[in-house]
1. Roughly what % of Cα-Cα distances in the chain sit above 18 Å, to the whole percent?
2. Considering Cα pairs under 8 angstrom that are at least six residues apart, work out the relative contact order of the chain and quote it in whole percent.
3. Between Val160 and Thr26, what is the FRET efficiency for a Förster distance of 25 Å, r being their Cβ-Cβ separation, to the nearest 0.05?
4. Per-residue HN-Hα couplings for the range 19-24, Karplus 6.51 cos²θ - 1.76 cosθ + 1.60 at θ = phi - 60°, whole Hz, x for Gly and Pro?
5. What list do you get for Lys135, Lys82, Lys61 if you sort them by fewest beta carbons within 10 Å?
6. Spin-label point model (7 Å from Cα, Cβ direction): what's the Asp128 to Asp53 distance in nm?
7. Spelling out what I want: for every residue of the range 63-76, take phi, set θ = phi - 60°, compute 6.51 cos²θ - 1.76 cosθ + 1.60 (Karplus), and round to whole Hz; glycine and proline get x.
8. Would you kindly derive the ³J(HN,Hα) couplings of the range 143-159 from the backbone phi angles with the Karplus curve 6.51 cos²θ - 1.76 cosθ + 1.60 (θ = phi - 60°), listing them in order in whole Hz, with x for Gly and Pro?
Amino acid sequence: MGSNGISSQHQDVIEQVLDLNGSPETILQATVDLLHDNMTNWNWVGIYFLSGDHLVLGPYKGAETEHTKIQVGQGVCGSAVKENTNIIVDDVRERANYIACTPETRSEIVVLIRYQDQIVGQFDVDSDNVGNFSKEDEEFLVELADLVGPYCRVLAGKAV
Ligand code: SME
């Protein structure tokens, strides 16, 4: 673990993301795939784009979800935008205002993605394990959010 809380597992993924090439769509899909496949018990990984007053599902890996559009203020995802904050939910069963993706999901992390200080989207990650996400995972996703912010900005402009 480095002084900033980023582990070697985190660092490996960051290096793989830095090596990605292609269109914004390709890079963002590959980023969620890498997170899903490399991080422990990250069972559903997605990026939502902010479009006006709602979030639109972009690339994801995991079970198909019917929540492809979420109003700002609704659920954990919409609350993060409304409150302008990242959110870690240790046990989704104890969280009011939670929108279930799959019945197996037990914990969740949402980290906002910004471009030039404006929210353009968010990482949303679900785990089937209670308490799966740490402050270090949040720091790691904040670092990734800085890397993918420009790509999200391009695609958020097209999301409807
Ligand atoms: N759990 C989220 C909804 C998105 S799905 O989990 C993919 C929420 O409460 O906003």
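1. For the chain, the share of Cα pairs beyond 18 Å comes to 54 percent.
2. Working: 309 pairs, mean separation 38.4, N = 160.
For the chain, the relative contact order is 24 percent.
3. Using R0 = 25 Å, I get an efficiency of 0.75.
4. Working through the residues one at a time gives 7, 5, 10, x, 6, x Hz.
5. Lys135, Lys82, Lys61
6. Between Asp128 and Asp53, the label points sit 3.8 nm apart.
7. Once rounded to whole Hz, the list reads 4, 5, 10, 7, 8, 8, 9, 10, 5, 4, x, 9, x, 5.
8. My calculation for the range 143-159 gives 5, 5, 4, 4, 5, 9, x, x, 5, 5, 4, 4, 7, 4, x, 9, 6 Hz in order.
Read-outs: derived from the displayed coordinates by stated rules, not from any lab. As the structure is a computational prediction, the values presented were derived from the model and not from experiment. Here the Cβ is made from the backbone with ideal geometry for all residues, glycine too, and neighbour counts use every protein chain on show.
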